[in-house]
1. According to a simple spin-label model (label point 7 Å from Cα along Cα-to-Cβ), what is the distance in nm between VAL47 and ASN344?
2. When N counts the residues of segment 36-150, how does its alpha-carbon radius of gyration compare numerically with 2.2 N^0.38 Å, as a ratio?
3. For a quick check: sort LYS303, LYS224, LYS73 by the number of other beta carbons within 10 angstrom, fewest at the front.
4. Quick query: amide H of ALA30 versus all other amide H atoms, modeled in the peptide plane; which residues come in under 5 Å with a sequence gap of 5 or more or a different chain?
5. How far apart, in nm, are the 7 Å Cα→Cβ label points at SER39 and ASN180?
6. Test of understanding: what is the full-extension gain from SER72 to SER211, defined as 0.36 nm times their sequence separation minus their Cα-Cα distance?
7. Subtract the Cα-Cα distance of VAL21 and VAL371 from 0.36 nm times their separation in residues, and report this length gain in nm to one decimal.
8. Just to verify a number: FRET efficiency for THR269 and LEU151, C-beta to C-beta distance, R0 = 30 Å, to 0.05?
Amino acid sequence: MRKIILIVLVCISINSFSQGVGINTSGLPADNSAMLDVSSTDRGVLVSRMTEAQRNAIVNPVEGLLIFNTTSKCFNFYKNGAWVEMCGGCILPPVPGAITGSVSFCANYTGAAFSVTAVNGATSYTWSVPSGAVIASGQGTTAIVVNFGALSGNVSVVADNNCGSTAASTLSVTVGSVLNAGTIGGGSSGVCGSGGITDNPAAFTNVSAASGGMGAITYQWQSKTISGSYSDITGANSLTYDPSVISQSMVYSRKATDNCTTMVSNEMTVTYSASCGLDVCQNAGVVHSQTTSVGHMELLGMKFRPQAPGNISRLGLRIPQNGTFQLNLFDCSTQALVRTVNVNATSNTWCYASITPYALTAYQEVYCVLVLPANAIYAYGYFSPSPILSGNVEIMGGCWYNSPGGANLYPNSYAPGQIYGVTDITFGP
């Protein structure tokens, strides 16, 4: 069998003239107004076809450059620095790239910088920031400066041109909440000293810890005189603080510091008085002057401060005298007489009597006093210079009984670690 191959040549005429080039099948010259004149009744002209991403990758497109966008299925041409759709609309710029800037800030931080790289076809940029934040400068450009409030959120930007705005490029930022320093309590409203001896205030307690802020929180107690400036107290870095003895009125507060700032709690003022008269709670054991008036009622006693909550179940005394003696228990937080009991005493022996239990919180001060009977002609009192810790109760100070005639049955100097009397309590859970 024979195979006959028929080759048909179709000739297309390309006519080149001085006025332009004509491509057609008719042999006609190019139109005088055209450099290239393509004509046909059954064929078209095919220009470069590419995706939108490929189009955007063209480096420095020339004004009037023409392509067919296979993404949008439209002809595109480059005009005035932007691609224009020939199928009924213009072309938005590309979505801006990743935003450059920090993502973590303290509350009320100012001067935070953010930026993006410029994109083709954008005539401006619109930024948005979290609630409470303010764009200080740069709105409409590729770089802004932001002053934050106390709320986290997104920093976003869109590219704009006369066709509209693109989708947003977004950066999530975290803003720490405002640090709250917390509240302190406890302490003493006042302390007394006599004869140059000083007393120490009750311990300050933690009413509420610091909260909010950013990062770990540390504490530092500070103190000052009434008219002075604050100074940090060495080693006082916990939620509570037990102050040392003072010899003038002082103000205390607690600082809280996080990664961003330092805030200060409420202040606690302790008023110091050199002499407090017969205030049995501010002056643990009144220093008495000598008297010869028969029937004069004097107060001698000790002040106590437990370091843990519990109950007082007994009151006791130790004096160089036999007999029945009245003991009074005062609550130093209210200045109130809360318990009274009679104790049968044996000379120079600790003797006790039970009371209805009286509950105390940690560091709540009480004063147990002996009411001297009428046959005690006179007495001297001596003030303790520093506390003694007995179990979990601090013995804050007191005064000791002296016999008529002025002979000291107990020394008027204080030997650390020893208790000479005159009163005592039984304290437990």
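Coordinate-derived values only; no laboratory data. What you are looking at is a predicted structure, and each value in this text was computed from that prediction instead of being measured. Note: ideal-geometry Cβ built from the backbone for every residue, glycine included; neighbour counts use all protein chains shown.
1. 12.3
2. Values: Rg = 20.7 Å, N = 115, 2.2 N^0.38 = 13.4 Å.
Cα Rg divided by the expected 2.2 N^0.38 Å: 1.55.
3. Numbers: LYS303 26, LYS224 14, LYS73 9.
Listing LYS303, LYS224, LYS73 from fewest to most nearby Cβ atoms yields LYS73, LYS224, LYS303.
4. The list, which skips near neighbours in sequence, is PHE17, GLY22.
5. 8.6
6. Values: separation 139, 0.36 × 139 = 50.04 nm, distance 5.47 nm.
Here the answer is 44.6 nm.
7. Details: separation 350, 0.36 × 350 = 126.00 nm, distance 13.09 nm.
Contour length minus Cα-Cα distance gives 112.9 nm.
8. Details: r = 37 Å, r/R0 = 1.22.
Step by step, r from the Cβ atoms, then E = 0.25.
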